[in-house]
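S.K.: Handing you a structure now.
None of the figures in this text is laboratory data; all of them are computed from the coordinates on show. Note that this is a predicted model, so its numbers are computed, not measured. Ideal geometry is used to build each Cβ from the backbone, glycine not excepted, and the neighbour counts take in all protein chains shown.
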Amino acid sequence: MAKKYNLLIVDDEEPLRLILEAELSESEEFNIDTAEDGGQAINKIQQNVYDLILLDIRMPRVSGTEVLKFVQEYSPTTQVIILTNYADVKTAIETIKMGAYDFLAKPYDIDELFNTIHRAIERRQLFIDNKLMKSELTRKGGTSELIGQSPSFIKLIDSATRFAQSESFILIQGASGTGKELIASLIHRRSARNNRPFVAVNCAALSDTLLESELFGHEKGAFTNAYSSKEGLVEVANGGTLFLDEVGDISPAIQPKLLRFLETGEFRRVGGTNLLSVDVRVVSATNKDLREEVRLSRFREDLLYRLNVITLQVPPLKERQEDIPVLADYFLARKSKPSHPKKLSDDALAMLLAYDWPGNVRELEHVLEGAMLLSTGDIIKPVDLSIHQHHPNVATVETDTAGDDRIASTSLEEMEKVHIERVLLQHGYNRARTADALGISKKTLYLKIKRYGLRIDD
């Protein structure tokens, strides 16, 4: 069953408040809370995370407008629907300009009310998705699909799907580049929380102060440049899944705060005194041996036990050889131009199968991306593959006709330089024909020639 949405009804007229509560309670979509005035509403907003607020505009002491201003500052993802009399429609329109989602005039039609509520919830989800997407675009790239057919991979997917149905915390262990976040995303999609946010946090990429603020939020003035309050990602993930990537890199200073949150669901924003509570399912991942980290006193033992109620081990690519051809076909199809699909030669595929892939699936993707850039035809050959030649299972690649020695960890810029130089050679250093073959303008080619210091005489 999908997770319920948290809804707060704020109205000083008890009969209307009770009617609303009774009508909405008939739906199994909502956890309903009520407040009889604006002051009580603000107190509850400081203690709970609401998806939606139905807010009366005319109330004694603290008006609905003041409550709306507080929500916009304190919990901007929470959607507000204004409840008003026909006489206050002008004021209600002003609240839309202030950030309220919509308004409904009393007496309201119940079907219209439900439709407006559902639209407001969709708007909140779009707001969150947009916020998380911007974060993701700066945080990571790569494939977003789980590809594989090896027995160990199929077993992993089956286990992840089965455990997704529980509410238990899950720890995903595996080397870098094996796709731990994709497994976490699968768990979320197959869980009862799949209608709520999936929020990923890279714990290794943030300092202690930034990580605490990112997770739990902060109050205005909590530290330098904290010009406004900010929701933490645990609030954004409320009802959904919080994915803690590289959890083994969290410092001992933050570990006790994380442990308390995992045990109680409660937290305080940085600089705040109010205790907030959320309902999130935590999935974490690490490329470290956390038991060894515990032995070395770098990771709390009680935190480890809290995180790994269920443990999933993602196998490295070298143990999934059957998946290499499938993954290679996927990456080539995904990155090739539809009019010029690239394929691996038998020798190139054999070279991929002989390599042990210390960087796992991520390394395979990057190697193939570089090979597509370096190859001059539709067939990718061994000479186009920039992989670590020193590995004993990989045959040394001979220097090709352009004098291009492949070295480990070749950058994309180096690959582009080699590719342009090769195409220039093929076309007798004629810039017009070379630009046409590369699919770029002559001006762009000239700039790249200058940038890389290549031969420019025709």
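S.K.: Under 5 Å between amide H atoms, partner at least 5 residues away or on a different chain: which partners does Leu344 have, H built in plane at 1.01 Å?
M.R.: Here Ile380 satisfy the definition.
S.K.: Something else now. Would you list His366, His218 from fewest to most Cβ contacts within 10 Å?
M.R.: Details: His366 18, His218 22.
Lowest count first: His366, His218.
S.K.: Taking only C-alpha pairs under 8 Å that are 6+ residues apart, what is the relative contact order of the chain in percent? The partial results should precede the final answer.
M.R.: Details: 750 pairs, mean separation 55.1, N = 458.
Over the chain, the number comes to 12 percent.
S.K.: Hey, another quick one. Just going by the charge dipole of the chain, with Lys and Arg at +1 and Asp and Glu at -1 on Cβ, which of Leu68, Ser251, Leu303 is farthest out on the positive end?
M.R.: Ser251
S.K.: If you don't mind, another one. Using θ = phi - 60° and the Karplus relation 6.51 cos²θ - 1.76 cosθ + 1.60, list the HN-Hα couplings for the stretch 284-294 in order, rounded to whole Hz, with x at every Gly or Pro.
M.R.: 3J(HN,Hα) across the stretch 284-294, in whole Hz: 10, 9, 7, 9, 9, 7, 5, 5, 5, 5, 5.
S.K.: Given the Cα atoms of the stretch 5-127, and with Rh set as the inverse mean 1/r over their pairs in the Kirkwood sense, what is Rg to Rh to two decimals?
M.R.: Using only Cα positions, Rg/Rh for the stretch 5-127 is 0.91.
S.K.: Oh, and also: If you count, for each residue, the other Cβ atoms within 10 Å and average over each peptide, how do 334-344, 304-314 line up from highest to lowest?
M.R.: Working: 334-344: 12.8, 304-314: 17.6.
Result, highest mean first: 304-314, 334-344.
S.K.: If you don't mind, another one. For Asn31, list long-range residues whose amide hydrogen, built 1.01 Å from N in the peptide plane, is under 5 Å from its own amide hydrogen.
M.R.: Excluding prolines and chain starts, which carry no amide H, the hits are Tyr5, Asn6, Leu7.
S.K.: Sequence neighbours fewer than 8 away in the same chain don't count; with that in mind, list the lysines whose C-alpha is under 26 Å from Lys44.
M.R.: Lys3, Lys4, Lys69, Lys97, Lys106, Lys131, Lys220, Lys230, Lys257
S.K.: Can you list residues whose amide H is under 5 Å from Val270's amide H, if they're 5+ apart or on another chain and H is modeled 1.01 Å from N?
M.R.: Placed amide hydrogens put Gly217, His218, Glu219 under 5 Å from Val270.
S.K.: Cut-off under 19 Å on the C-alpha distance; same-chain residues fewer than 8 positions from Lys417 excluded. Which lysines are left, in chain and number order?
M.R.: Straight-distance partners of Lys417: Lys381, Lys442, Lys443, Lys448, Lys450.
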